[in-house]
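Peer 1: Structure provided below as structure tokens; questions to follow.
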Amino acid sequence: MQMANALLLPEVVRLLEEGHTVTLPLRGNSMRPFLEDGRDKALLRKPESINVGDAVLAEIAPKHFVLHRIVNITGDQVTLRGDGNLGVEHCRLCNVKATVVGFYRKERETLDSTNGYKWRIYSWWWMRLLPVRRYLLFALHPHIPKRFKKK
């Protein structure tokens, strides 16, 4: 069953504010190439601390939520970018509603923790590859015309 994010995510935020953790199926392609729409899930909790590099659920406009990585914090202004995006979005610190504890990737039952070695190494490299990310995302896109793929 699918539900509109504008209906589902305010309820998720309410549960997080009550102290619950929430496992949320991922929708969209903004965190590609490592997290896939409809396949992967994120384990969320209420934020205790918020740092550059954290994957967070943020409300960037009323009832418009994104799950992106924090790329900058200046005062109470937060800049976010999805791993599969080139552009940025903005919100205030109070609009960061959850931090990601980890991801259930590739339909696995085990959690890839955001504090784990694998995620930290991936994050470090991916954030530094921004100048060439456009080309990497193009090469990794599943719908590239065959004329661009090696035979």
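Peer 1: I'm told V101 meets every condition in (1) touching a Phe, Trp or Tyr at 6+ places or on another chain (Cβ under 9 Å); (2) in contact (Cβ under 8 Å) with a residue 24 or more places away in the chain except one. Can you identify the failing condition by its number?
Peer 2: (1)
Peer 1: Next question. All but one of (1) open to solvent by 40 Å² or more (accessible area, probe 1.4 Å); (2) farther than 23 Å from R108 by Cβ hold for A58, so report the exception by its number.
Peer 2: (1)
Peer 1: Within region 61-77, work out how many residues are out of contact with any Asp or Glu (no Cβ under 9 Å at 6 or more places or on another chain), closer than 11 Å to C91 by Cα and buried (at least 16 other Cβ atoms within 10 Å of the Cβ).
Peer 2: Of the residues in region 61-77, 0 are out of contact with any Asp or Glu (no Cβ under 9 Å at 6 or more places or on another chain), closer than 11 Å to C91 by Cα and buried (at least 16 other Cβ atoms within 10 Å of the Cβ).
Peer 1: Six or more apart or on different chains, Cβ atoms under 6 Å: show the pairs whose first residue is in region 69-90 and of a type in the set (S, T, N, Q) and whose second is not in a strand (DSSP E or B).
Peer 2: These pairs meet every condition: T79/V88; N85/S30.
Peer 1: I need the full set of residues from region 16-37 which are of a type outside the set (S, T, N, Q) and at pLDDT 80 or above, in order please.
Peer 2: Residues satisfying the conditions are L16, E17, E18, G19, H20, V22, L24, P25, L26, R27, D37.
Peer 1: If V13 satisfies every condition in (1) in contact with a Lys or Arg (Cβ under 6 Å, 6 or more places away or on another chain); (2) under 24 Å from L111 (Cα atoms); (3) open to solvent by 30 Å² or more (accessible area, probe 1.4 Å); (4) of a type in the set (V, I, T) but one, which is the exception?
Peer 2: (3)
Peer 1: Please count how many residues of region 94-117 are under 23 Å from G38 (Cβ atoms), of a type outside the set (S, T, Y) and exposed (fewer than 10 other Cβ atoms within 10 Å of the Cβ).
Peer 2: Qualifying residue count for the region: 2.
Peer 1: Select from region 92-107 the residues that are closer than 19 Å to L26 by Cβ and not aliphatic (A, V, I, L, M) and list them in ascending order.
Peer 2: Passing the criteria: K97, T99, G102, F103, Y104, R105, K106, E107.
Peer 1: Do you know which residues across region 18-47 are outside any loop (DSSP other than H, G, I, E, B), in contact (Cβ under 8 Å) with a residue 60 or more places away in the chain and open to solvent by 80 Å² or more (accessible area, probe 1.4 Å)?
Peer 2: Correct list: K41 only.
Peer 1: Working only within region 43-76, note down all residues that are of a type in the set (A, V, I, L, M, F, W, C) and more than 19 Å from I121 (Cβ to Cβ).
Peer 2: L43, L44, I50, V56, L57, A58, I60, A61, F65, V66, L67, I73
The values are calculated or read from the model by the stated rules, or taken from the named source; none is laboratory data. Treat the numbers as computed from the prediction; the structure is a model and nothing was measured. Positions of Cβ are generated from backbone atoms using ideal geometry, with glycine treated the same way; all protein chains shown enter the neighbour counts. Please note that ligands, DNA and RNA were not included when accessible areas were found on the heavy atoms of the full protein model with its side chains. Shrake-Rupley method; radii C 1.70, N 1.55, O 1.52, S 1.80 Å.
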